[in-house]
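The values are calculated or read from the model by the stated rules, or taken from the named source; none is laboratory data. Note that the coordinates shown come from a computational prediction; the quantities given were computed from them, not determined experimentally. So basically every Cβ, Gly included, is an ideal-geometry build from the backbone, and we count neighbours across all protein chains shown.
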Amino acid sequence: MSISSLTKFTVPLATNQSASTQGMLMPKLKFRYRVTFEGFGVSSELVELTKQVKTFKRPNPTFETITIDVYNSKINLTGKPKWEQVTCVLRDDAVGNVSKLVAEQLQKQFDFMEQSSAASGIDYKFITRLELLDGGNGSHEPAVLETWEMYGCLLSGVEYGDMDYASNDPVEITLNIMMDNALQKPQGSGVGIDVGRTQGVSAN
């Protein structure tokens, strides 16, 4: 009897919307994720970046708005989309693998010694992939619950942080990452799936 009561810990819905015995769905948890990079820096081994990630912000899209004035009112339409930059905080390891990779990426974007810029974006842009996981590890392969793939990435800024004699915290490096495009891929569907074009010509 006590176990059956746990199925009632959710918002009651109409019978045609959800099973009466369905409890609350398991949420995605913030600490179950991994971040991987492709084409970052010049070294072929990039797993150190993945292992040293502390926090990562998911991409947020915003739309410019187009306002059309009509007789007694206004109609709002969506303009060009823009992906806000994301931040990735890394722990700086004692061996220096993380700081070395970050320095390589910065040098790809701009040669600080020769004061020379890259010829085109393809020379230095990379791919960032964020995967939300179910908690599997070891002999249990983790299941990917959601994937964010960010294309045309570059570092818009790097913060190496400060030193503090009174602190026990590890040294951190914060990456500010800009992107040209991002695709969200939840289980089964998502922005990465072609949804076709809406039929009709009505403005709203």
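Just checking, how many residues over the range 143-170 are closer than 25 Å to GLU38 by Cβ and either in contact (Cβ under 8 Å) with a residue 12 or more places away in the chain or in a strand (DSSP E or B) (or both)? Spell out how you get there, then give the answer.
Taking the range 143-170 as the starting set, the residues that turn out to be closer than 25 Å to GLU38 by Cβ are 143-160.
From what's left, either in contact (Cβ under 8 Å) with a residue 12 or more places away in the chain or in a strand (DSSP E or B) (or both): 144-160.
Residues meeting the conditions: 17.
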- Task: Being more than 27 Å from TYR33 (Cα to Cα) and not charged (D, E, K, R) narrows it down to one of SER99, SER73, so name that one.
- Result: SER73
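Out of all the residues in the range 109-163, which are touching a Cys at 6+ places or on another chain (Cβ under 7 Å) and more than 19 Å from GLN184 (Cα to Cα)?
Within the range 109-163, the subset touching a Cys at 6+ places or on another chain (Cβ under 7 Å) is 125-128.
Result: LYS125, single match.
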- Of the numbered conditions (1) under 19 Å from TRP148 (Cβ atoms); (2) in contact with a Phe, Trp or Tyr (Cβ under 9 Å, 6 or more places away or on another chain); (3) surrounded by 11 or more Cβ atoms within 10 Å (Cβ to Cβ), ARG32 fails exactly one; give the number of that condition. (2)
- Message: Just checking: which of the strands (runs of 3 or more DSSP E) contained wholly in the range 45-124 hold 3 or more residues that are within 16 Å of GLY157 (Cα to Cα)?
- Response: 86-91
- Message: Cβ contacts < 6 Å: first residue at pLDDT 95 or above, restricted to the range 25-39; second residue of a type in the set (S, T, N, Q) and in a strand (DSSP E or B), any location; separation 6+ or different chain. Result?
- Response: PHE37/THR128
- Taking the range 142-173 as the search range and keeping residues that are over 24 Å from LEU101 (Cα atoms) and of a type in the set (Ser, Thr, Tyr), which one is surrounded by the most Cβ atoms within 10 Å (Cβ to Cβ)? SER167
